[in-house]
Each structure stands twice: as structure tokens, then as C-alpha cells.
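Visitor: Below is the structure I would like to discuss, written out as C-alpha cells.
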Amino acid sequence: HFIDELEEGQETYLDSRNPFHVDLDVALKQQFECKDLPPIELKRFNGNPMDWPDFIECFRKRVHYKYTFDDNTRMNRLLSVLEGDALRFVESIGSCGLFYATALKTLKRDFGNPLLVSHLKLKIILDKPSINSNDKIAIRQFHQQLKNTNTWLLSLLRRFNIIHRKL
């Protein structure tokens with residue numbers, strides 16, 4: 001995971017082997033092409049572990065891997081999308097770019113623990129009340145929850161190299 005590779009107290013430099021790395025000329029071209037498009041809204045995060053996977057994936061793509069951003073800019077963007085407990089935790093660390101890696105590591109540890117998120121996702125499915133067989137909307141929603149949870153668990157297993165065969 002990209003957060004685990006960050007070094008606390010050091011500026012983040014994008015690695016050219018990173019799949020999201022782009023050369024400066026490509027970044028400038030992309031910036032020019034997007035100049036007339038409305039800005040992309042970043043997901044907000046209040047500390048709910050269930051929201052962590054979607055939040056951090058969006059943040060990684062739209063902020064962390066922006067070639068032209070330094071850690072001060074990344075930290076300002078992070079602070080702008082946090083609320084509640086998540087914001088209080090990061091504000092207690094500090095707001096300058098020097099604390100960017102520490103802030104992400106703290107958020108991941110306290111709100112994004114993969115085992116906690118998996119437990120909560122499974123709990124929602126296992127604690128679901130029975131569904132009437134005629135309620136097509138509820139069945140469809142439950143199917144989507146199962147599918148999303150299955151995808152999350154498989155990605156978690158792959159990340160920790162628990163499964164080796166291709167699914």
C-alpha cells in the first residue's frame with residue numbers, strides 16, 4: 001500500500017516506476033486539457049472505517065499521485081476533505097507538509113485497518129434481517145453488498161499474499 005512506503009518527516013517524491021507517475025510535459029498537457037472541465041469533487045472522510053477504502057483510493061489517485069503537488073499542497077488537500085474525528089486526529093499532528101506521511105499513517109492505523117474494515121463489511125451482511133423473496137429491490141441491494149464485500153475481501157487477500165492462484 002502506498003501509505004506504508006511513505007517516510008515520516010520527508011518530502012514525498014514520486015517514483016518513476018510508479019504506475020501513476022507521469023513526466024512533467026505529460027502532466028502539463030493533462031492540466032491544459034482539463035482547464036475547462038469542472039473540478040473533481042474529492043470524497044470527504046469523517047473517520048468511519050467503512051468509508052476508508054473508497055476515500056483513500058480517491059485521495060491517492062486525485063491528490064497523492066499529482067506530480068506537481070508537494071507535501072504542503074497534499075496536506076492542505078487532506079485537511080480540506082477531513083471531518084469529525086479524522087480531522088481532529090490530523091490537526092493534532094500538525095498541518096504543514098512535514099507531517100503529511102504521519103497524517104496518512106495515523107489515519108490508516110486508526111480508521112483504515114483492513115481487518116476492522118473487513119469485519120464491519122462482513123457484519124453488515126451477516127446481521128442483515130431476512131429478505132422477503134418478493135422484494136426485488138432488497139434482493140438486488142443485498143446482491144450488490146455481497147459482490148462489493150467479496151471484491152474487498154479478495155483484494156485484501158491478494159494484498160497480503162494469502163491467495164496465490166488467479167481467481
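The values are calculated or read from the model by the stated rules, or taken from the named source; none is laboratory data. Everything numeric here is computed off the predicted structure, so don't read it as measured data. Cβ coordinates were reconstructed from backbone atoms using ideal geometry, including for glycine residues, and neighbour counts include every protein chain displayed. When the accessible area is computed, the model is the full protein with side chains, heavy atoms only, and any ligands, DNA or RNA have been set aside. Shrake-Rupley method; radii C 1.70, N 1.55, O 1.52, S 1.80 Å.
Visitor: Between E91 and T151, 0.36 nm times their residue separation minus their Cα-Cα distance comes to what? Let's see the in-between values first.
Guide: Working: separation 60, 0.36 × 60 = 21.60 nm, distance 3.30 nm.
Stretched out fully, the E91 to T151 stretch lengthens by 18.3 nm.
Visitor: Ignoring ligands and nucleic acids, what accessible area does T68 show with a 1.4 Å probe (Å², nearest 10)?
Guide: Per-residue accessible area (T68): approximately 80 Å².
Visitor: Calculate the FRET efficiency for H143 and E57 from the Cβ-Cβ distance with a Förster distance of 35 Å, rounded to the nearest 0.05. Working shown, then result.
Guide: Working: r = 22 Å, r/R0 = 0.64.
That pair, H143 with E57, gives E of 0.95.
Visitor: What is the local net charge at K66, summed over the other residues whose Cβ is closer than 13 Å to its Cβ (Lys, Arg +1; Asp, Glu -1)?
Guide: Values: positive: R60, K61, R62, R74, R77; negative: D70, D71.
Here the count lands on +3.
Visitor: Count the net charge of all other residues whose Cβ sits under 13 Å from the Cβ of L42, scoring Lys and Arg as +1 and Asp and Glu as -1.
Guide: Working: positive: K43, R44, R60, K61, R62, K66, R74, R77; negative: E41, D51, D54, E57, E83.
The answer is +3.
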